[in-house]
Structure formats: C-alpha cells, structure tokens
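The values are calculated or read from the model by the stated rules, or taken from the named source; none is laboratory data. Model, not experiment: these values are computed from the prediction. Here Cβ is always computed from backbone atoms with ideal geometry, including for glycine, and neighbour counts include all displayed protein chains.
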Amino acid sequence: MTPFRVALLLVALCGVAAWQVTVIPESLMQMTVGPVLAPGVIVGALSVFAVLYGVSAWRGRQADESQAPDQSPLPGANARVLSLLGGGVAFIALVIPLGFVIPGTLCGMGVAHAFDAPLNLKSAGICAAIASTFWFVFAQLLGVGLGPALPWVI
Amino acid sequence: MEAFDALMGGFAIALQPTTLMWGFVGCFVGTLVGVLPGIGPALTIALLLPLTYHVPATSMFVMFAGIYYGAAYGGSTTSILLNTPGESAAVVTALEGNKMARRGRAGQALATAAIGSFVAGTIGTLALTFVAPWVVEAALAFGPAEYFSLMVLSVVAVSAVLGNSMLRGLVALGLGLLLGMIGVDLQTGQPRFTFGRPELLDGIEVTVAAVGLFAVGEALYLAWQGRESKTGEVMKLSGSLWMSKSDWARSWKPWFRGALFGFPIGAMPAGGAELPTLLSYYTEKKLSKHPEEFGHGAIEGVAGPEAANNAAAAGVLMPLLTLGIPTSATAAIMLSAFEGYGIQTGPQLFSQQGSLVWTLIASLYIGNVILLVLNLPLVSLWVKLLKIPPPWLYAGIIVISTAGVYGAGNSVFNVGLLFVFGLLGYIMRRFDFPAAPLIVGLILAPLGEQSMRQALTISQGEWSTFFTRPLSGSLMAIAALLLIGPALWRQLRAKTSS
Amino acid sequence: MNEQNSSLIQRRDYLKWMGAAGLAATGVSGHAQSAWPNKPIRWIVPFAPGGTSSIVARTIAAELTKQMGVAFVIDNKGGGGGVPAMQEAMRLPADGYTIVMSHIGLMAVNPLIYPDSGYDVNKDFVPVTLLSRVPSLFVVHKDVPATDMKSLVAYVKSRPGQLNYASAGNASAGHLAMEALKLATGMFITHIPYRGTGPALNDVLAGRIQLFSAGTPALLPHIKSGALRCIAVGTRERISVLPDVPTVAELGYKDFETVQWYGITARAGTPPEILLKLQQECAKAMKSPEVIAKYAAESAIAGGGPSSEYGAFIASEQSRWKEVVLKAEIKPG
C-alpha cells in the first residue's frame, strides 16, 4: 500500500462514481438544475484532485506514515488490522441470530488481540463483562434498541 | 422589564429541592446516553423522554433540561478523551480536544468545554428572554438562496481544517461531498449512488461516518502501528487538571464568539449545530495568537466550537417556541415533548401560557448550571478512564461505538458502514489525509445542493438570485473576501515593503 | 423485575427458529396462541422516534398495555420510506405478537413507487383497525390576494407556473394532498420539496412560498395569528377548530378527501380471533380520556372500527391516490 496505489484506488472510485452518474434516470420534471449537475461536478472535481495526487505520488512526494522515522509499524501489523476488522465482522454476522453479548464479546476480543492481548479466557471474560455492562446499562436501563442480550434465557 | 420578571417567576417555581434532584438525575442520564457514540441528542431525548412523564409536573421541565444539555455534553466528553465524537457536532471538538488530551491536557479540555457550554447556554437563555422575536424575524429572512451562500462560506471555512497539504485536504473534501450525494434526490425522487440498496436511500448517516473515521479508524491505525501497548497506557496525564490563568485568558473570547455563531445559526431551519462549530473553529484559528498550535491542541479550538454547539442548542428553542417550527431533528422531538407537557408552541405561546413557558426557560437555565456543577468535579473521574490498558480501552471503545451505531438505527448495515469508514479512516490516517473535511463535505453536500435547487426554482431559474438578494449577496461577498483576501493582503504587503 | 423477564422471554421467542432446543420455555411458546396475549407485543413504527406517528403509537400503546396487561413495545424503524420496516415485519412469524403501524404512504403510495420491495401490502398483510385520521389543511400566505378557493383558482390560472407550494418531502402527505387539489381544480403550481415540515413552514411564513398543505397541529397557530390564511380543509366535513373554513368537497369538487391516516396492520396468516381481539381493544382504548384529549389536540378523528372497514378504506385510498401519484409522477423521497 503506497501513496500511488491509494491514488489508483481513488481514480477507480471516481470511475465508478462517474458511471453511476450516467445511470441516474432522467427526470421528466422541468427544472433549471437536474439531479445530475451536482454529482457530476463533484465527481469531476474529485477526479482532477485524484489525478493531481496520483502524479504527485508517482513523483514520490506524498506522505506515507509507515516510512516516517519512529512511526513505522512493528511486525505483525497486517495481522493486527485483520484481527480488529475480524471482530467487526463477527459482530455483524452474529448479532441478529445471537443477540448482543456474544458477538460483542467476540468483537472486543478481536480488538484487544489487535492490541497484543492474547486470545485467552481472561480476554473473553473482560470483553464479556464490557459487552454485558453496555447492554445492561443502555438496553435495559435506558431503552436503547440493542436487541436481546442472549439467544436464550438463563 | 416584564420579561425579566416573568423569568424570575419561572425561577421561583423551578428552584425547589425535589426539582433540582430530578434535574441532576436527568443530567446524569442524559450524559450517559449522550456518551454513546452514534446516539446524538435527538435520539437521547426521544429515548429518555418517557422517563420525564413519571415525575411530578414541576420537575419534568428541569429533568428534561438536564437530559438535553447532558446529551450535548456527553458527546463532547468522548470526543475529547477518546477521539470518538458522540454526535456530528462534536467532530470539530475532537480535532483539538483529543490532541490536548494526548498531551496530558485532558482536564483543561474538558473544563473549557464545560464552562464554554455554560457561558453559551447562559447567553442563549438571556437572548431567548429578551431578543427572541427579532432573532426569529431575522432567521425567517434566511431562504434557500441564503442557505446556499452560507454553505459556500462554510466551504471556505473548511480551508481551516485542511491540514498540512491542501491537495490532500481537497481530496478528502471531494470524497465527503461525493458521499453526501448518496441517497434519494429530494427534488425529483431519483435514487443516486444507491446501488439498489434500500438502506442507502436516506444517504449515509453523518454520525456513522464520523464515529467510523475517528474512533474505528484511529484504533485501526494504532493497532497497525503496534506501539500503544508497549507504552502501557494510552496517554500520559501530567500536571493539574484545572485550567491555568493563560488557559482562561485564551478561552473567554472564543466562548463569546462561539456563542455568537451558534445562536443565530441554531435558530435557522436546517442550521444545525455542525456549521457553527466549523465557522467558530475557522474564526479562532484565524484570530489566534498561536495559530501554529492548531492541529496540536489549541485550547481556543475547543472553547469556541463547544460554546457554538451549546449556543446552537439554545438557538433552536427560539423558532420552536415562538413559531412552533422545529429546526432540527432534536427540535422536532422537543416539540413533541412540549406538546406532551401541555405547551402549545406558536405565536400565542408567550401571551397565553406565560408562566408555563417561563418555567421551562428557567428550568433550561438551571439544567445548564447543573451540568456545570455535576461535570466539573467528574472531570478527574473521566480522565481516569485513560489509564485503562490499551487492549481493554480500545475494546471498550469499539464495542460501545458498535452498540451506539447499532442501537441508533437497529441496522446491521450501519455497523458494516462503521467498519468500512474505519478502514477508510485508517488509510486516511496513514497517508495523512485529514478526516474533518470529509465529514464537513458529507454534511454540506446535500444541504447545499438542495438549497441551490430550491432557490433556483423559486427564482424561476435566475442564477443571479444568489447575488442580488441582499443577505445572500453579502454572504457570498464575505466568502469571496475570505478566500482571496489573505492572498491579496500578502501581495499588498510585499508591494509596500519592497 | 417481572417486566425484564417477560421481555427476555419475548426476545427468546423471536429466535425460537434458531433451535434453542431443550429448554422448557419452548413449551410455553407452544401454548402462546391459545392464550393470546401472554407476552409482550412488538409494534413496528416505520418512522424515526419523536414524530406525530410515534406519539399516536405511544399513546395507544400505553392504553393497550394498561388494558391487556402485556407490554406493547414500540420499535421505531425509520428510513427508506418505511420499506425496511415492512421487510423486517416480513421476517417475523404471523403469530399476533408483531404488528405494524400502517399509514397512507406505506399502504397507498409505496406499492406504486417501490415496486420491488419484496412484499405485497395487500397479500402479505391484513388490516386490523384504523387508528386516526388527521385533516390536511390548504393554506396560503397572507399576502396572496385570494380569499377563497374560487379566487385562488382564478389567481393561479392567471399566472400559471409562477406560484410555488412547499411540501415536507416527496411523497409526503402534504405533497399528495396538494397534487390531488391541483388535479381536481386544474391549477398549475410548482412543487418545492423540503426536508420536513419545519423548513417548509419557515419559507411559507416568510412569504417566499405561496401555498402549503399540512396537518392541523402545525398550521393552526399561524392561521389564528393571521400569518397564513386557510382556504379549505381536506376532510369530508368541516372541522371544529376552523368552523368557517369550507371543505374542498363542498366547494364543488365532489368526493374530494385528503386526510393523513394511521392504522394497525398485521401479517397475513395471523389467526382471526387475535385480529378481532386486537381491534376491540383498540376501540376501547380510543374511548379513554387520555386518548380523546390527545386526539382533540391534534384535531384527529378516532378510528377503532372493524378490520373489514379499515380494509375497505385502504382499498379506496389506494385507488384514489393511484391516479394522483401516476399523474403527478410522484417518486420516492
């Protein structure tokens, strides 16, 4: 992942956006400015900025924090990122069937693991406590709609 | 001074021990729910409103006031401490506030936020008492053309938050504007950029984007770096928790200026609290004697926007009470709340239901005081949060953010969006793209486009309407001045000095 | 703690289909249908919390909870025109423990503008009872030189396309009402949508927009203060708070009726005894003093009639609005 690749991603995004702009159905209503003008202008401007950024990145003039002196990542960076995102995925996949607490615990464990906490019982315990507390305070006491805590009742 | 006497009368009714107690309860509960990222004041009030129906009539108002201000303050607390804006209006606070916290100045940041909110709330209540009719008339003069010009002015103000590189800041702004276009077009009903998904028909919620970019993005970046856990705690707490003399000296003017921004804009329909915070930040940066501190923890950058935020919250009350027009989602819910309390808003309100309304206004002021009294001592408690070891702290932050976003919309799609924005935030952080312009773009794009097209329809297609209408024209002129002014000024200085 | 236990049981039952086997509780849910209701009922409201619909829902829900002894839990699912809320209801079993708040947009307009929503409002859902009808008022700014419908129509016809009307959004009740009026009277007025009644009302009061249609509560104070003039009401009979204002129907446009309505709908396949019981309880709830007072404040007309009556009403509304939606080319908003 280098700045140049980011620029490429951006340009690709602009391409998709431009395609979407062309797909906007024409409105039969009469108006000075239709639904296409503003998105079109924005996509155009963003494309220009993206190209400028890409050119500048190609010339090596763009920042990448991973290269900065004491900012470079310690080994295992990608694993940590994936662990955090994995926690998120676990929550999304499991919250509807399993209620809030279990997916919340798994999510918390994923995040903690991303910060170098081992995936053990202690982690599970702490995260379960966090998730349960949040559920109790917010869903039970305050009525925020978090769904059931667990898929069964003890 | 009839209004003043009536206000005193209201105070007499509101200031009783049980009433005050319920006020404290309301404040505490409001802050608690407001702390949940993704649950802004509107939803907080909607959720906690039923609680107020169970308490005695005179206490209802004060409890409500406590909830209202508590919700606003809760969002600021997490902004400062955890870089997790609890609501979109707290995003600007996070910019400087969190930087201050990371330098060990969390206490000062929280204190200036609390005191600034109090000052702004007081000014707001005073304004409500004495000048409400004029402000409302002025707010009525703001039509779509004026809104569009205000948006243009705000885009210029965004330049203050563009960060180190203008190009990267513009990319972020452009991306935000593009994301703001997602959803159904108001004028024609055509879906745009929705890829056929019904969840996207209403666009991307700003709070989801803000929490994702700031909280999840930051966590991802720090996890990627892997250094957090080595130091053992998230941030050092050095020095006292109280504001120093220089802090006070640097804060008090931003408080007043922020309140001046927040109050009128809050009174306008669709004004909202985000715009005033942005304009306040811009102003403080330009006027500050320490501009280089901005981006690294300048206290003015917290004082001004927080005051603006709170003043906007008070400003919202004016059209609400005098005309029955809710100018934001929060106001709409307050309208239902007031109707539940038996207050019939509208032009006849002050003449027909005088004592009830003044009790409400007095209660709002008391709620403001309670907030200050309750939260200042709690600052040291909140700040202790930062001592939790990183794995558990961030686990807590992510889980609470997930809970907030999930609970606000009961939608798993939004949680997915949260993490997508988190990933985006990580990329942006790594390659030094500022996050604030994206959020601003997300907010401004739909409003700006909508206002522009409404204005054009009203003026039968005349583009000159933005310049020929006096108020709109002046705003455009100010925007132009701010844009080219500095460059012109430098040119002039160079010429005269050579 | 009883409430918490019963709500936990309710939630467990939703996920019964996941096979939470081996627990006695599943036996309890098996008896559910013969002793309805014996656990909390989920009431899906397809609006964000805090609006008029939520107020109506919460008021009635509080009454029903008192009457029947089980909690009626409001579940706000706003956004997407109500389509996601209905899709959610489709996922849940038709056992009488889920009801949906239906309204004009959901039942009459959505089928026309969201053809691929994945459900059919007439086949997959059955009406239970109408809850309320709120009259829509047609107002003009005080500077418009028209004092009644006849002069208004003449005024508009003399300057076609130059006058504007505001609405709270595309496919909102106010938008539909105005388009119906335009269709009936032949007026040509430009539509300017806003996000919500608040901003729209602001521009109408300032005089930038000349016409507006909305429910009584929002407009009444301004009519009384003279800032706006009410030309006509959209109900069949005159309303008590504005006895001097004629109805559109009596001005010569027969069968004209535009009201904003709310009702309760359940999933098709819910046992008829449950539907009947629910309808009867609602009728009873609407006679309680709190509900009567709340309705009077909104100038709302109570419902509570039998499901067949509500069904017929829905059908008539669907055909009435079909023409308006198609002619005015109304799209989602």
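Numbers at a glance
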| quantity | calculated |
| --- | --- |
| Single residue of C:Ile60, C:Ile44, C:Ile55 found to be farther than 25 Å from C:Arg195 by Cβ and either assigned by TED's automatic domain parsing to the domain that holds C:Gly311 or in a loop (DSSP other than H, G, I, E, B) (or both) | C:Ile60 |
| Answer residue from segment B:371-396, given it is crowded, with 24+ Cβ neighbours inside 10 Å and under 22 Å from the mean Cα position of the chain (by Cα) and is nearest to B:Gly226 (Cα to Cα) among those | B:Asn375 |
| Some residue of segment B:177-186 being within 14 Å of chain C (Cβ to nearest Cβ), assigned to a helix (DSSP H, G or I), at pLDDT 80 or above and touching an Asp or Glu at 6+ places or on another chain (Cβ under 9 Å) | yes |
| Some residue of segment C:205-222 being out of contact with any Asp or Glu (no Cβ under 9 Å at 6 or more places or on another chain), away from chain B (no Cβ under 14 Å) and more than 23 Å from C:Val324 (Cβ to Cβ) | no |
| Segment B:205-222, residues that are more than 10 Å from every other protein chain (Cβ to nearest Cβ) and either surrounded by fewer than 23 Cβ atoms within 10 Å (Cβ to Cβ) or more than 24 Å from the chain's Cα centre (by Cα) (or both) | B:Glu218 |
| Residue check, B:Leu32 modelled with pLDDT under 75 and buried (at least 18 other Cβ atoms within 10 Å of the Cβ) | no |
| Residues (more than 8 Å from chain B (Cβ to nearest Cβ) and either in contact (Cβ under 8 Å) with a residue 40 or more places away in the chain or surrounded by 14 or more Cβ atoms within 10 Å (Cβ to Cβ) (or both)) located in segment A:22-43 | A:Val36, A:Leu37, A:Gly40 |
| Residue count, segment B:22-59 (criterion: more than 14 Å from chain C (Cβ to nearest Cβ), in a helix (DSSP H, G or I) and touching a Ser or Thr at 6+ places or on another chain (Cβ under 8 Å)) | 9 |
| Condition met for C:Thr258 (more than 14 Å from every other protein chain (Cβ to nearest Cβ), touching a Gly at 6+ places or on another chain (Cβ under 6 Å), of a type in the set (S, T, N, Q) and within 24 Å of C:Lys150 (Cα to Cα)) | yes |
| Matching residues, segment C:286-315, being surrounded by 13 or more Cβ atoms within 10 Å (Cβ to Cβ) and among the polar types (S, T, N, Q) | C:Ser288, C:Ser299, C:Ser307 |
| Sole residue being touching a residue at least 60 places away in the same chain (Cβ under 8 Å) and part of a loop (DSSP other than H, G, I, E, B), chosen from B:Gly266, B:Gly272 | B:Gly272 |
| Segment B:188-201 - residue that is at negative phi and modelled with pLDDT under 80 and, of those, surrounded by the fewest Cβ atoms within 10 Å (Cβ to Cβ) | B:Arg197 |
| Flag if C:Thr190 is out of contact with any Phe, Trp or Tyr (no Cβ under 6 Å at 6 or more places or on another chain), without any contact (Cβ under 8 Å) to a residue 60 or more places away in the chain, within 14 Å of chain B (Cβ to nearest Cβ) and over 18 Å from B:Ser328 (Cα atoms) | yes |
| B:Ile204, sole failed condition from (1) among the hydrophobic types (A, V, I, L, M, F, W, C); (2) modelled with pLDDT under 85; (3) under 30 Å from A:Pro25 (Cα atoms) | (2) |
| Scan of segment B:377-400 for residues that are more than 10 Å from chain A (Cβ to nearest Cβ) and either in contact (Cβ under 8 Å) with a residue 40 or more places away in the chain or touching a His at 6+ places or on another chain (Cβ under 7 Å) (or both), ordered by number | B:Val379, B:Ser380, B:Trp382, B:Val383, B:Leu385, B:Leu386, B:Lys387, B:Ile388 |
| Positions within segment C:247-270 being hydroxyl-bearing (Ser, Thr, Tyr) and either free of Cβ contacts under 8 Å to residues at least 60 places away in the same chain or in a strand (DSSP E or B) (or both), in sequence order | C:Thr247, C:Tyr262, C:Thr265 |
| Single condition C:Ile274 does not satisfy, out of (1) over 21 Å from the mean Cα position of the chain (by Cα); (2) assigned by TED's automatic domain parsing to the domain that holds C:Gly169 | (2) |
| Flag for B:Leu381 being in contact with a Leu (Cβ under 8 Å, 6 or more places away or on another chain) and not acidic (Asp, Glu) | no |
| Hits in segment A:69-106 (condition: over 17 Å from the mean Cα position of the chain (by Cα), under 20 Å from B:Ala403 (Cα atoms) and polar (S, T, N, Q)) | A:Thr105 |
| Tally, over segment C:286-300, of residues that are assigned to a helix (DSSP H, G or I) and free of Cβ contacts under 8 Å to residues at least 40 places away in the same chain | 4 |
| Segment C:101-142, residues that are farther than 21 Å from C:Gly169 by Cβ and part of a strand (DSSP E or B) | C:Phe125, C:Val126, C:Pro127, C:Val128, C:Thr129, C:Leu130, C:Leu131 |
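Rundown of residues vs (1) in a helix (DSSP H, G or I); (2) touching a Ser or Thr at 6+ places or on another chain (Cβ under 9 Å); (3) within 12 Å of chain A (Cβ to nearest Cβ); (4) of a type in the set (A, V, I, L, M), yes/no style:
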| position | (1), (2), (3), (4) |
| --- | --- |
| B:Ala408 | yes, yes, yes, yes |
| B:Phe413 | yes, no, yes, no |
| B:Gly416 | yes, no, yes, no |
| B:Leu423 | yes, no, yes, yes |
| B:Arg429 | yes, no, yes, no |
| B:Ala445 | yes, no, yes, yes |
| B:Leu456 | yes, yes, yes, yes |
| B:Ser474 | yes, yes, no, no |
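Rundown of residues vs (1) free of Cβ contacts under 8 Å to residues at least 12 places away in the same chain; (2) under 24 Å from C:Ser54 (Cβ atoms), yes/no style:
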{"position": "B:Pro319", "(1), (2)": "no, yes"}
{"position": "B:Leu323", "(1), (2)": "no, yes"}
{"position": "B:Pro326", "(1), (2)": "yes, yes"}
{"position": "B:Ala337", "(1), (2)": "no, yes"}
{"position": "B:Pro347", "(1), (2)": "no, no"}
{"position": "B:Phe350", "(1), (2)": "no, no"}
{"position": "B:Ser355", "(1), (2)": "no, no"}
{"position": "B:Leu364", "(1), (2)": "no, yes"}
